[in-house]
Structure formats: C-alpha cells, structure tokens
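K.L.:
Before I ask anything, here is the structure I am working with.
Please treat every number below as a calculation from the coordinates, not as lab data. Bear in mind the structure is a predicted one, so any value in this text is a computation, not a measurement. We place every Cβ from the backbone using ideal geometry, glycine too, and count neighbours over all the protein chains shown.
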Amino acid sequence: MTYGLVSKFPTQPGKSRDLADRLLQAAKLLERDPGCIHYLVSTSDEPDTVWVLELWTDKPAHDASLEPEDIRTLVQQARPLIAGIPEQTHLTVHGGKGLPS
C-alpha cells in the first residue's frame, strides 16, 4: 500500500496559472525524490482552483519531501497565491494501473 493525497487549492482571483506553475516547479524538484511516485498538477472548469494528486511510497516520504530548502522556498512563494485553506483528502492506495507492483 502507498500513501496518496488529493489537494484542492483555492487561488486568489486570476492566480491559478501562477500557482500551477509553482507547483510544477515542485514536481520537477520531486523527480529526484525516490519516495514520490506521482505528483500531478491540474486545473478544471472550476475557476481559481488548482488540484494536486500525489502518490508516495508512504506518508513519512511525503513529510520528508517538505524539508529541503528549495521546496520550502517554493512553498513560501506559493502561499500568497492561495486563498483560504486547501481541501485535502488522505488516501491509502491499494494498487491500480500505473503503479509499481
């Protein structure tokens, strides 16, 4: 089993693209992290909203991913773009297409 996290970020008006860009920079940095299986950044027809779907080997790997200085810097840059508290759903992922066995 792996750890999953789905986050819905409400953005400041007109700032969803800016937030998505910051989160895509984080995704690029996470390529070096063996605990990160998937980090997907998306938008939908809902304005001023960015969705992130994360899949990790386990929750400690996710928690540790927030420690590097370059990731913390991106988090600080992203905060002003976020309006309110993100909605998050924590998942226990049991398997499926595209997951390592």
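K.L.:
Given an 8 Å cut-off on Cα distances and at least 6 residues of separation, report the relative contact order of the chain as a percent. Intermediate values should be presented prior to the final figure.
P.N.:
Numbers: 167 pairs, mean separation 46.7, N = 101.
Here the relative contact order equals 46 percent.
K.L.:
Would you kindly give the portion of the calculated P(r) for the chain that falls above 24 Å, as a percent of all Cα pairs?
P.N.:
Values: 1052 of 5050 pairs.
Here the long-distance tail beyond 24 Å is 21 percent of all Cα pairs in the chain.
K.L.:
Compute the long axis of helix 69-78 from its Cα atoms, compare it with the longest principal axis of the Cα atoms of the chain, and write down the angle in degrees, 0 to 90, nearest 10.
P.N.:
The helix 69-78 is inclined about 40 degrees to the chain.
K.L.:
Using the Cβ atoms and a cut-off under 12 Å, what net charge is assigned to the surroundings of residue 85, where Lys and Arg are +1 and Asp and Glu are -1?
P.N.:
+1
K.L.:
On a 0 to 90 degree scale, rounded to 10, what angle separates helix 16-29 from the longest Cα axis of the chain?
P.N.:
30
K.L.:
By count of other Cβ within 10 Å, fewest leading, how are 75, 41 ordered? It would help to have the intermediate numbers written out before the result.
P.N.:
Working: 75 13, 41 20.
Lowest to highest Cβ neighbour count: 75, 41.
K.L.:
Which order results if 94, 38, 62 are arranged by neighbouring Cβ count within 10 Å, fewest first?
P.N.:
On the way: 94 9, 38 15, 62 20.
Lowest count first: 94, 38, 62.
K.L.:
Counting other C-beta atoms within 10 Å, which of 44, 7, 101 has the fewest, and how do the rest follow? Let's see the in-between values first.
P.N.:
Numbers: 44 10, 7 16, 101 3.
In increasing order of surrounding Cβ atoms, one gets 101, 44, 7.
K.L.:
What is the sum of charges, Lys and Arg at +1 and Asp and Glu at -1, for the other residues whose Cβ falls under 11 Å from the Cβ of residue 26?
P.N.:
On the way: positive: 22, 28, 72; negative: 21, 31, 33, 54, 70.
With Lys, Arg at +1 and Asp, Glu at -1, the net is -2.
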